1. GLY134 - would you say it is in contact with a Leu (Cβ under 7 Å, 6 or more places away or on another chain) and surrounded by 14 or more Cβ atoms within 10 Å (Cβ to Cβ)?
2. I'm trying to understand the selection: among the residues of region 6-21, which are surrounded by fewer than 18 Cβ atoms within 10 Å (Cβ to Cβ) and over 15 Å from ARG46 (Cβ atoms)?
3. Hey, among the residues in region 37-72 that are in contact (Cβ under 8 Å) with a residue 60 or more places away in the chain and part of a strand (DSSP E or B), which one's nearest to GLY123 (Cα to Cα)?
4. Right, VAL169: aliphatic (A, V, I, L, M), in a strand (DSSP E or B), surrounded by 13 or more Cβ atoms within 10 Å (Cβ to Cβ) and over 17 Å from the mean Cα position of the chain (by Cα) or not?
5. For region 100-111, give me each residue that is at pLDDT 95 or above and under 14 Å from ALA17 (Cβ atoms).
6. When you scan region 76-95, do you find a residue that is surrounded by fewer than 19 Cβ atoms within 10 Å (Cβ to Cβ), under 30 Å from ALA36 (Cα atoms) and among the polar types (S, T, N, Q), even just one?
7. Can you pull out every residue in region 152-166 that is open to solvent by less than 70 Å² (accessible area, probe 1.4 Å) and in contact (Cβ under 8 Å) with a residue 12 or more places away in the chain?
Amino acid sequence: MDGTCTIRRATPADAAAFARSQIDAWRAAYDGILPAEFLAALDHDRMTARWERSLASPGEGVSQLVLCIDGQVVGWSGFGAPRDEVGDGVGEIHAINLSPAYWSRGLGSLLFAQSVRELAAMGYREAYLWVADGNARAVAFYERHGWHVDGVTQDDAGFTPPLRELRVVCPVLTPS
């Protein structure tokens, strides 16, 4: 990898970079999973505005990190309090996105590992995340990190048609 890699807390000033990396990652990862019209219609300005609001007020128990190369944000993660009804001590990786130009360089692994460490430091003993059914690349990524699909699914009605998602779990988090 060329350049200096840093991971830091996200700020509202990162909103445009959040939007750009999410749009680029979704268009690459969800091609053939989400409708082409949906992916083509992803709007940078609208998504930037949404991220400005979210980063200014992330919610209790939620953290976001950015991964930078030479100071430029190329990826991000969000994690913390679960959005689902789960047992005590279970946290969630809400999202992780990395610009496709930086895939397969170990950067996603760095960001994911830091996110998991921070979940453990928040007191979570277990964790889960949701991945789109059909996103074999993402499932393989999480399995390389010791996580596994547990057979639980959900349909995300935020998409038309609803997007089937698979739950990926890590039964034991250890702070490092």
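1. no
2. Selection gives THR6, ARG8, ARG9, THR11, PRO12, ALA13.
3. Checking each candidate, the answer is LEU67.
4. no
5. LEU111
6. No - not one qualifying residue is present in region 76-95.
7. VAL152, THR153, GLN154, ASP156, PHE159, LEU163, GLU165, LEU166
The values are calculated or read from the model by the stated rules, or taken from the named source; none is laboratory data. These figures come from a predicted structure and were not determined experimentally. No Cβ is skipped: glycine too gets one built from the backbone with ideal geometry, and neighbour counts run over all protein chains shown. Quick note on the areas: whole protein, heavy atoms, side chains included, nothing else; ligands and nucleic acids left out. Shrake-Rupley method; radii C 1.70, N 1.55, O 1.52, S 1.80 Å.
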